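**Q** One structure is given below, represented as structure tokens, and several questions about it will come after.
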Amino acid sequence: MNTQSLNWSSLNYHYLTGEIAEIRALLQLRVGNSTGGEPSEAISQKIELADFPDDAPPAIARLCETFNLSTFERRLLLFCLGAELSRSIGSLCATLHGNPQHTYPTFGLALTVFPEADWQALLPVAGLRRWHLIEVSSGSELMHCALRLDERILHELIGLPYRDDRLRGILMPLPALNLGRSLPTSHQVLQTLVLNWITGQPRDHFCLQLYGEDRTSRLELAQSVCATLGLELCRLTLDSWSADLTQLNLLKIVCEREAILSRYAFWIDYDRVAKSDQSQQITNNAMIQWIETLQAPIILSQQERQSWGDRVGYSLEVLPPTPTEQIHLWQQVLSPSHQNQIDRLVSTFNFNSQTIQAIGQQAQQFGNSESSSALWNTCLEQARPRFDGLAQPIHSRVSWEDLVLPEKELSVLRTIAAHVRQRAKVYEDWGFAAKSRRGLGISALFAGASGTGKTLAAEVLANALNLDLYRIDISSVVSKYIGETEKNLRKIFDAAESGGTILLFDEADALFGKRSDVKDSHDRYANMEVAYLLQRIEAYRGLAILTTNLKDSIDQAFLRRIRFVVQFPFPDVAQRTEIWRRVFPPATPTQDLAHSKLARLSVTGGNIRNIALNAAFLAADAGNPVTMMHILQAAQAEYIKLERPLTEPEIRGWTEKAASF
């Protein structure tokens, strides 16, 4: 046969046809129907191994070499394959069994038909049964049980491999990262370390642990390592875990077999596994034992390093790209018109290489008129955290003009904004981060009575810096259950690590109160919560703002480690006058308002805003501009809420009817 015109699939098919013809001839010989003359056409025109390219042997040869099968085991595979593809082989089996219904191969037939008969091939630990290449039907006599080729192996031999159906929902494809682009320099160093380590390990079942705060950086490194080794990284998800030992053992074998056939390495994202209640913990322990015995290339991905006994041969921390590497990545993906924004982007956001690449592709579509703001808003959108109900976004359009404070406090707030804007220059360019990474977080404590402008100041800072502001829901964070508060706080800080977010812990004394003497276990765990918060606030690369009405209730350890403390005083008459001047929007119609008289009300800015808003509703309902009379009525309602009397000196000279209030 002319084989030069045939592709591999055709060569493989014709090769199998010839091999199955030999099996048929041996069966016919056993039945006694062999012609005894010239070989059949399929055998006479049989394609030989030499007809295949050296790097692309027939599927049966590759499979036998992969699983180290003997000549007899190879015959058994072809016997079972022939029974699937050739009705004549089934008829011959029925004749040899003496039963027209028994059209299937058995071990008994194979031992009597094939000259290379080897009893060891029947053992459960031998290649055919160890790897479930053939399936043995249930029955009392092993020699007479029906044999069937595993479907995954059937398609593999034909030359149409596919993923085993039993692994559906267990083996999942991973997003294809851009491996054509080189890794950041720090990750290239890690890849070299990993490859050097793997050189001394069994290629088919090494186990590597990658941990660190950024999952995408871990995945990018893992895929790059596997691509170098000629492996495909595939996620092994264990969300639906079975407690059936038989099913677990079968699953393990099928996974190992698939890793060999498809040259897979398994990516196990251990952080996805829930570890809440006791029953789940038992399941997790079983899963860990299962992973420890899985003979396949494994890369474990976790946020924090965990002990896995002897299974993990190498653990490596993978950090996001350094600021210098991020600058280089931005330079590669941004057009010349955006290059002047890079320092600000790196100062604010902490993106991995994949995210920077994606944003750069989006930036190419921006128009020239709004390209700078569009790029910034895209980064904000990409960094926007998911707090799972533990925090709520605050949206406002207030600016420095809306904030009335003494000059000293205003100066501190402007300094906070300068620290956030210039942190990349000071930390990286000027070398402060190189000396120590501890204490680089920017934190501020806003202390003062309710309504003195603490939250407003946080809103002003967020708008001035064009960052998102999130108020932490203290009631959702603090838990009576031991360890839950730290878990919630960790979710908050981890979610915000990409940057672009200001965290506002309102009424923070509930979280950051003074540590107490340890009298029982609750005191000890409460103090651990405080210590954990100290650590995360110092490490958080964004701006964290704490507000409190009671500064004295804040633990002194926090005050020492918080970079800025701003005391929001009760506004004096001059400040209240200025607040009244600014409280009504320009579109609000007003008439004959005496701001100096309104300033006699001894209330905070928050109360002034409530009074102004209430007065606006009263005026709108009456169809008139806002007047002193409307404000007087609104002030009376606000004072009732405050459980304070509206005194005559406060409203003297407001209106002719003021004396009646």
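**Q** Which of the following values of P(r) over Cα pairs in 20 Å bins from 0, in percent was calculated from the structure shown: [x] 16, 44, 29, 10, 1; [y] 14, 32, 25, 17, 9, 3, 0; [z] 18, 54, 26, 2?
**A** Working out P(r) over Cα pairs in 20 Å bins from 0, in percent from the coordinates points to [y].
**Q** Could you state the accessible area per residue of the stretch 406-489 in Å², with a 1.4 Å probe and every protein chain left in place?
**A** Per-residue accessible area for the stretch 406-489 comes out at 47 Å².
**Q** State the antiparallel share, in %, of DSSP beta bridges confined to the chain, rounding to the nearest 5.
**A** Counting DSSP beta bridges with both partners in the chain, the antiparallel share is about 20 percent.
**Q** Next question. Suppose every K and R has +1 on its Cβ and every D and E has -1 on its Cβ; what is the size of the dipole of the chain about the Cα centre, in Debye to the nearest 20?
**A** For the chain, the charge dipole is close to 1660 debye.
**Q** Provide the per residue accessible area, probe 1.4 Å, for the stretch 297-349, rounded to a whole number of square angstrom.
**A** 45
**Q** At 24 Å minimum axial length over the Cα atoms and a Kyte-Doolittle cut of 0.0, report the qualifying DSSP H helices in the chain, or say none.
**A** Result, helices passing both filters: 8-31, 245-262, 605-622.
**Q** Over the chain, with every protein chain in place, what whole percent of the accessible area is carbon and sulfur at 1.4 Å, could you tell me?
**A** Carbon plus sulfur share of accessible area: 49 percent.
**Q** Turning to a different aspect of this structure: Say each of ASN99 and TRP400 gets a label point 7 Å from the Cα, pointing the same way as Cα to Cβ; how far apart are those two points in nm?
**A** Each label point is offset 7 Å from its Cα along the Cβ direction, giving 9.4 nm.
**Q** In debye, nearest 20, what is the charge dipole magnitude of the stretch 375-498 about its Cα centre with +1 on Lys and Arg Cβ and -1 on Asp and Glu Cβ, if you could check?
**A** 360
**Q** Would you calculate, for the chain, the mean residue ellipticity at 222 nm contributed by helices, counting each DSSP H stretch of 4 or more residues as -39,500 (n - 2.57) and dividing by all residues, to the nearest 500?
**A** So the calculated ellipticity at 222 nm is -14500 deg cm²/dmol.
**Q** Now a separate question. Relative contact order of the chain, please, whole-number percent, based on alpha carbon pairs below 8 angstrom and at least 6 residues apart.
**A** The value is 9 percent.
**Q** Stretch LEU642-ARG384 to full length: gain in nm at 0.36 nm per residue minus the Cα-Cα span?
**A** That pair, LEU642 and ARG384, stretches by 89.1 nm at full extension.
**Q** Sticking with this structure for a sec: Roll a 1.4 Å probe over the protein chains and send me the accessible area per residue for the stretch 81-213 in Å².
**A** Using a 1.4 Å probe on heavy atoms only, each residue of the stretch 81-213 averages 51 Å².
**Q** What distance in nm separates the simple spin-label points at TRP430 and ALA449, each placed 7 Å from Cα in the Cβ direction?
**A** 3.9
**Q** Can you tell me the relative contact order of the stretch 535-614? Whole percent, Cα pairs under 8 Å, sequence separation 6 or more.
**A** Relative contact order, the stretch 535-614: 29 percent.
**Q** Any idea how far apart GLN339 and GLN306 come out in nm if each label point goes 7 Å out from Cα toward Cβ?
**A** Once both label points are built, they end up 4.6 nm from each other.
**Q** Still on this structure, I have one more. Which FRET efficiency value, to the nearest 0.05, do you get for PHE564 and ASP494 by plugging their Cβ-Cβ distance into 1/(1 + (r/R0)^6) with R0 = 25 Å?
**A** The formula returns an efficiency of 0.55 here.
**Q** Moving on. Using 0.36 nm per residue of separation minus the Cα-Cα distance, give me the extension gain between SER315 and LEU49 in nm, one decimal.
**A** Here the answer is 91.4 nm.
**Q** Could I ask something else about it? To the nearest 0.05, what FRET efficiency results for LEU142 and SER262 with a Förster distance of 35 Å applied to their C-beta separation?
**A** 0.70
The values are calculated or read from the model by the stated rules, or taken from the named source; none is laboratory data. Not measured: the values here are computed from a predicted model. Neighbour counts run over all protein chains shown; Cβ positions are idealised from the backbone, glycine included. For the accessible areas, the whole protein counts, side chains as well, though only heavy atoms, and no ligand, DNA or RNA atoms are used. Shrake-Rupley method; radii C 1.70, N 1.55, O 1.52, S 1.80 Å.
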